[in-house]
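The values are calculated or read from the model by the stated rules, or taken from the named source; none is laboratory data. Owing to the predicted nature of the structure, the values given are computational and were not obtained by experimental measurement. A quick note on method: Cβ atoms are made from the backbone with ideal geometry, for glycine too, and the neighbour counts reach across all protein chains shown. These accessible areas exclude ligands, DNA and RNA; they are computed on the full protein's heavy atoms, side chains included. Shrake-Rupley method; radii C 1.70, N 1.55, O 1.52, S 1.80 Å.
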Amino acid sequence: MKTYFLRILAVCAAALFAAAASAQQDFSKVEIQTEKLADTVYMMTGAGGNLGVSVGEDAVFVIDDQFAPLTPKIQAAIAKLTDKPVKFLLNTHWHFDHVGGNENLGKAGALIFAHENVRKRMSTEQFMEFFAMKTKPEPKVALPVITFTRDLTFHVNGDEVRAFHVPRAHTDGDTIIHFAKSDVIHTGDAFFNKLYPFIDTSSGGTVEGVLAAADRVLKMAGDKTKIIPGHGPLATKADLKAYRDMLAAVSGDIRAQIKAGKTAEQVIASKPTAKYDDVWGKGFLPPEKFVAMLYGNLKKK
Ligand SMILES: [Zn+2]
């Protein structure tokens, strides 16, 4: 059973890794799309995690920066909105598809902020179990220079930008950012919109933490709040609620089957995601890989 499960993980990791590698080759074709969400707040998409950008009278404030080869394109997209350089950069977590531009932006003078565990993981070698992937320590200039443990508020561009840590969610260093006046929330990878989510347990993530983070954002959000997910299209509170309910139902089902002594193959064969696959199963993680991941995550404890 264990071998079978490991084999699924290995196949899965290989597929994801291949996807990441081919994405890398295609960076030249990636275009950065900008969507205006409020007077001073924009969402930018390209390859990798979604960006949040605040532009106004004070400074350019950016959330996440995708992959290093995309930095000039991201800078060009920002230059269409303002002639100011990026002054503040906040990382939602340490993953390579969210911090890849740190070195470039750090060299260009941006001050980098993140939860303290982001700096810890970026400054040491890491092993992402699910991708079977090692990452090297980042150079000093790419590391967050200002770290926090709970929360931090930026008073910038007429907004109050509240960054707060959600413990052990997608990783152990996740930050969610609320643009209070603009009514925009960036969730980082605590929320994948219309895609089954990846939860990185080898970086301290947990299903329970993701659910708790979703609940916290649902309490803060109103029906008109614009929610930037870590991956997937711009979302509403209703989309986040659907995500939360999907993850709670599927993980609850799998947890019960683990308790009943079911093996990974039995759980996968029972198709616990069946009614969700149309909406959530066509992206990054196909259903059986999502189930294998949750089985591994929940079995660990
Ligand atoms: Zn991530």
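In nm, what is the difference between 0.36 nm times the number of residues separating GLU116 and ALA256 and their Cα-Cα distance?
Using 0.36 nm per residue and subtracting the Cα-Cα distance, I get 46.9 nm.
For segment 114-187 and segment 228-262, what is the centre-to-centre distance using only Cα atoms, to the nearest Å?
Cα centroid of segment 114-187 versus Cα centroid of segment 228-262: 22 Å apart.
In deg cm²/dmol and to the nearest 500, what is the mean residue ellipticity at 222 nm of the chain if only DSSP H runs of at least 4 residues count, each as -39500 (n - 2.57), divided by the residue total? Kindly include the intermediate steps, with their values, before the conclusion.
Details: 10 runs with 110 residues, N = 301.
Helices in the chain give a 222 nm mean residue ellipticity of -11000 deg cm²/dmol.
Just to check I understand the Karplus step: with θ = phi - 60° and J = 6.51 cos²θ - 1.76 cosθ + 1.60, what whole-Hz values come out for segment 151-157, glycine and proline as x?
7, 7, 10, 9, 9, 8, 6
Which stretch or stretches of segment 149-166 have amide N atoms under 12 Å from the point lying 7 Å from ASP39's Cα along the Cα→Cβ direction?
157-160
For segment 265-301 and segment 27-96, write down the distance between their C-alpha centroids in whole Å.
Segment 265-301 and segment 27-96 have Cα centres separated by 32 Å.
Count the lysine pairs in segment 236-301 that are 8 or more places apart or on different chains: how many have C-alpha atoms under 18 angstrom apart?
Close lysine pairs under the 18 Å cut-off: 16.
So if R0 is 25 Å, what FRET efficiency would LYS87 and THR149 give, r being the distance between their Cβ atoms, rounded to the nearest 0.05? Numbers along the way, then the final one.
Values: r = 23 Å, r/R0 = 0.92.
With a Förster radius of 25 Å, E is 0.60.
D for segment 205-266, whole µm²/s, Stokes-Einstein with Kirkwood Rh over alpha-carbon pairs at 4 °C and 1.567 mPa s: what number?
Once the numbers are plugged in, D ends up at 99 µm²/s.
How long is the chain along each principal axis, judged by its Cα atoms, biggest number first, in Å?
So the extents along the principal axes, rounded to whole Å, are 59, 40, 36.
Once neighbouring chains are kept in place and the probe is 1.4 Å, which whole percent of the accessible area of the chain is contributed by carbon and sulfur?
55 percent
Of GLN126, ALA59, PRO85, which is farthest along the charge dipole of segment 31-159 in the positive direction, counting Lys and Arg as +1 and Asp and Glu as -1 at C-beta?
Toward the positive end, the furthest listed residue is GLN126.
Taking θ = phi - 60°, what integer Hz values does the Karplus form 6.51 cos²θ - 1.76 cosθ + 1.60 yield along segment 118-129, in sequence order, with x for Gly and Pro?
5, 4, 4, 6, 6, 8, 10, 5, 10, 10, 8, 4
For SER202 and LYS282, compute 0.36 nm times the residue count separating them, minus their Cα-Cα distance, and round to one decimal in nm. Please report the intermediate quantities before stating the final value.
Details: separation 80, 0.36 × 80 = 28.80 nm, distance 2.46 nm.
Difference between extended and current length: 26.3 nm.
With the chain treated as a Gaussian network of Cα nodes joined by springs under 10 Å, which of ARG244, ARG121, ARG150 yields the largest mean-square fluctuation?
Fluctuation is largest for ARG150.
Rounded to the nearest whole Å², what accessible area per residue is found for segment 187-301 with the 1.4 Å probe?
Accessible surface, normalised per residue, equals 41 Å².
Quantify how much of the Cα-Cα distance distribution of segment 78-235 extends past 26 Å, in percent. Let's see the in-between values first.
Values: 3050 of 12403 pairs.
Here the long-distance tail beyond 26 Å is 25 percent of all Cα pairs in segment 78-235.
Tell me, what ³J(HN,Hα) does each residue in segment 217-223 have, in order and in whole Hz, if you take phi through Karplus 6.51 cos²θ - 1.76 cosθ + 1.60 with θ = phi - 60° and put x for Gly and Pro?
Going residue by residue, I get 5, 4, 5, 7, 7, x, 5 Hz, with x marking Gly and Pro.
Running Debye on segment 153-227 with equal point scatterers at the Cα sites and no solvent, what base-10 log of I(q)/I(0) appears at q = 0.12, 0.23, 0.25 Å⁻¹?
Log10 of I(q)/I(0), two decimals: -0.33, -1.01, -1.12.
In terms of modelled amide H atoms, which long-range or inter-chain residues lie less than 5 Å from the amide H of PHE148?
So PHE148 has HN proximity to ALA114, HIS115, GLU116.
Rg and Dmax of segment 45-126 over Cα atoms: what are they, in angstrom?
Just the Cα atoms of segment 45-126 yield Rg and Dmax of 12.1, 39 Å.
Placing +1 at every Lys and Arg Cβ and -1 at every Asp and Glu Cβ, with all other atoms neutral, what dipole size does the chain have around its Cα centre, in debye to the nearest 20?
Dipole about the Cα centre, nearest 20: 800 debye.
Give, as ranges by residue number, the residues of segment 182-216 whose backbone N falls under 20 Å from the point 7 Å along Cα→Cβ of LYS224.
Taking a point 7 Å out along Cα→Cβ of LYS224, the residues of segment 182-216 whose backbone N falls under 20 Å are 182-186.
Within the chain, what is the longest stretch that has no GluC sites (Glu not before Pro) placed in a DSSP loop and near at most 15 other beta-carbon atoms within 10 Å?
The answer is 126-301.
Per residue, what accessible area does segment 23-123 have, given a 1.4 Å probe and all protein chains present, in Å²?
41 Å²
Between Rg and the Kirkwood Rh of segment 96-161, both from Cα atoms, what is the Rg to Rh ratio?
1.03
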